[in-house]
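What follows is a single structure, written as structure tokens, with notes after it.
The values are calculated or read from the model by the stated rules, or taken from the named source; none is laboratory data. Just so you know, these numbers come straight off a predicted model, no measurement behind them. Ideal geometry is used to build each Cβ from the backbone, glycine not excepted, and the neighbour counts take in all protein chains shown. Please note that ligands, DNA and RNA were not included when accessible areas were found on the heavy atoms of the full protein model with its side chains. Shrake-Rupley method; radii C 1.70, N 1.55, O 1.52, S 1.80 Å.
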Amino acid sequence: MKKILFSVAMMIACLSLHATEANYQVVPLPQSITAGKGGAFVLDGNSVVNVVGTDEAMYRNASFLKQYIREATGIAVGGADKKGTAITLKLNTGIENEEGYVITVKPKGITVEGRTPRGVFYGIQTLRKSLPVEQTETVGFPAVRIADHPRFSYRGTMLDCARHYFKLSFIKEFIDMLALHNINIFHWHLTEDQGWRVQIDRYPRLTEVGSKRAQTVIGRMTGLYDDTPYGGYYTKEDMREVVKYAADRYITVIPEIDMPGHMLGALAAYPELGCTGGPYKVAEEWGVFPDILCAGNPKTYEFVYNVLDELLEIFPSKYIHLGGDEAPRDRWKSCPRCQAEIQRLGLKGTDGFSAEGRLQVCFMNRVAKHLAEKGRRIIGWDEILEGDVDKGTTVMSWRGVSGGQEAARRGLDAIMSPTAYYYLDYYQTKNDALTLIGGLLPVETTYGYNPVPEDASPELKQHIKGVQANLWTEYIVGRDLAFYQLLPRVAAVSETGWTENGRKDFASFREREARLNRLYRHFGWKACQDLFK
Ligand code: ACM
Ligand code: ZN
């Protein structure tokens, strides 16, 4: 009997030992994972996280690692107890890539090295994703060497906080989710026809008037309205908090002030900025609206410069997104001031571009010049190619991949975020009983996209800087639905952004993602489960 009990106890011990082993098959998949010699490193409550050097960011990294270990396993590793086994974080200039890292696991300890604290942070993300998600007292890390770096320098996700406003607590959780997936850009879409969502001191009516709509259309453009006022905006303090929260996690926030279209929020507040002078109202339904900023009015430029100057004080990003999408030029065609501006600039409808299209590109170039004087560069949606856009502009290819290809041909950098692969407001399964904008974009399709195929032109290879997933929120209200739409597709974008194409494999992604899904569940992020069926 004793023998049987002993065997059962051994079986349970073995099972629990197995269950608490780290697994390096994470998302995004590291470029190289090489099994090491010798036994495992055992992490437990006596383990410590050490930092070599005095870099503040490295100490913050250590705090993150301790928090992540506690979150996933309940193990509270110490800080500087020299007696325990150690995870050591250190900088190593021998690592080439700014975001690269090397993890070495030996029975005596783990080291995570990076050229920069940012690289070490990504090593920490890999370590945390290797952890089992369960309460345990020990975790065995098999000996290994992981050497890793990203494929693309720009790995972004856009969140539209204008169609629907998202609370600061959600924005922080969203940033945590991005960090988990090695995403380094949060493109923050802040202004729209349906609401202006940023405090600008010089123009108080932007938030007093422009951030509020009287009601919202019900369902998919039913013609019925909810009769409920809707509003919300971010104060400067909120935005500073977001920028800092993101920066601590090595994420750059790129704000977008969409112009000259999608501007009804601002026009409702300052009608003199439109071609007709209004009156205008903050939009109560979705779509593309004919009233846009007047490109022939000097006041428009003054407004745009002043707004951007206030934002530059908050957002240190090299890039500012100026939008530029879906700006109908009907008003410009009949506006004496816009037409006079076309004359003044000598713009002609040639080479497949209209004079008004060229005016829009001149408008964008002019704002870009203002920003360039302050050391910033612009990103524009691919409509910015409908004229002679200045060098130094980055193009965000959304209406397919041809915008990115054309940008590269013209010597411009581009980010790929084509609707057919990266629009996360689309349905991800036919079985969803949700009211969404439409389209079908299963995670497998998102995963299958390769922005720079092997046989791509040298220009494409040089100028495609990365990828971006977009979450437009006409139909996305609240945290749960947002996470449902984001996950697991953000993981698929993340792997394309990070992992060399030759290492990608959907079946393997599925398995690795099923493990990451446990962490999603732990955080209460209800991902679409189709992938795991
Ligand atoms: C866009 O989806 N209108 C950029
Ligand atoms: Zn005009």
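A few remarks follow.
- Number of residues in region 496-507 that are part of a loop (DSSP other than H, G, I, E, B) and either within 23 Å of GLU98 (Cβ to Cβ) or under 20 Å from the mean Cα position of the chain (by Cα) (or both) equals 3.
- Count of region 513-533 residues which are at pLDDT below 95 and within 21 Å of the chain's Cα centre (by Cα): 0
- Hey, ALA72 open to solvent by less than 80 Å² (accessible area, probe 1.4 Å), under 18 Å from THR116 (Cβ atoms) and either at pLDDT 95 or above or not in a strand (DSSP E or B) (or both) or not: no
- Filter pass, VAL288 being hydrophobic (A, V, I, L, M, F, W, C), open to solvent by 50 Å² or more (accessible area, probe 1.4 Å) and more than 16 Å from ligand 2 (Cβ to nearest atom): yes
- Close contacts from region 32-53, counting a first residue that is among the β-branched types (Val, Ile, Thr) and a second that is assigned to a strand (DSSP E or B) and open to solvent by 40 Å² or more (accessible area, probe 1.4 Å), with Cβ to Cβ under 6 Å and a gap of 6+ residues or different chains, come to THR34/ARG145; VAL52/LYS90.
- Residue selected from region 110-142 under the condition part of a loop (DSSP other than H, G, I, E, B), open to solvent by less than 30 Å² (accessible area, probe 1.4 Å) and in contact (Cβ under 8 Å) with a residue 40 or more places away in the chain, by the criterion farthest from MET177 (Cα to Cα): THR136
- The set of residues in region 452-495 being open to solvent by less than 10 Å² (accessible area, probe 1.4 Å) and either over 17 Å from the mean Cα position of the chain (by Cα) or among the basic types (Lys, Arg) (or both) consists of ARG489 alone.
- Given (1) under 30 Å from THR222 (Cα atoms); (2) modelled with pLDDT of 95 or more; (3) open to solvent by less than 40 Å² (accessible area, probe 1.4 Å), index of the condition ASP432 fails: (2)
- Residue, farthest from ligand 2 (Cβ to nearest atom), within region 350-390, restricted to residues that are among the small types (Gly, Ala, Ser) and either crowded, with 17+ Cβ neighbours inside 10 Å or in a helix (DSSP H, G or I) (or both): ALA372
- Residues (in a loop (DSSP other than H, G, I, E, B), of a type outside the set (Ser, Thr, Tyr) and under 22 Å from GLY274 (Cβ atoms)) located in region 307-349: LEU322, GLY323, GLY324, ASP325, GLU326, ALA327, PRO328, ARG329, CYS335, LEU347
- For ALA268, the test of being buried (at least 22 other Cβ atoms within 10 Å of the Cβ), under 18 Å from ARG205 (Cβ atoms) and either within 12 Å of ligand 2 (Cβ to nearest atom) or not polar (S, T, N, Q) (or both) is passed.
- Residue in region 291-319 that is nearest to ligand 2 (Cβ to nearest atom), counting only those that are open to solvent by less than 10 Å² (accessible area, probe 1.4 Å) and in contact with a Ser or Thr (Cβ under 8 Å, 6 or more places away or on another chain): CYS294
- Only listed residue being within 16 Å of ligand 1 (Cβ to nearest atom) and either in a loop (DSSP other than H, G, I, E, B) or touching a residue at least 24 places away in the same chain (Cβ under 8 Å) (or both), chosen from ALA469, ALA482: ALA469
- Taking the listed residues GLY265, GLY287, GLY219, the one that is touching a residue at least 12 places away in the same chain (Cβ under 8 Å), in a loop (DSSP other than H, G, I, E, B) and within 16 Å of ligand 1 (Cβ to nearest atom) is GLY287, with no other qualifying.
- Test: residue in region 508-526 that is within 16 Å of ligand 1 (Cβ to nearest atom) and either surrounded by fewer than 23 Cβ atoms within 10 Å (Cβ to Cβ) or outside any helix (DSSP H, G or I) (or both): no
- Test for ASP238: is it buried (at least 16 other Cβ atoms within 10 Å of the Cβ), more than 22 Å from GLY392 (Cβ to Cβ) and either within 13 Å of ligand 2 (Cβ to nearest atom) or of a type in the set (A, V, I, L, M) (or both): no
- Pairs, first in contact (Cβ under 8 Å) with a residue 24 or more places away in the chain in region 391-410, second more than 12 Å from ligand 1 (Cβ to nearest atom) and among the aromatic types (Phe, Trp, Tyr), C-beta under 9 Å, six or more apart: THR394/TYR154; THR394/TYR319; VAL401/TYR421; VAL401/TYR449
- Each residue in region 320-349 was checked for being surrounded by fewer than 20 Cβ atoms within 10 Å (Cβ to Cβ), touching a residue at least 12 places away in the same chain (Cβ under 8 Å) and more than 16 Å from ligand 1 (Cβ to nearest atom), and 8 pass.
- Residues of region 391-402 that are within 15 Å of ligand 1 (Cβ to nearest atom) and outside any helix (DSSP H, G or I): THR394, VAL395, MET396, SER397, TRP398, ARG399, GLY400, VAL401.
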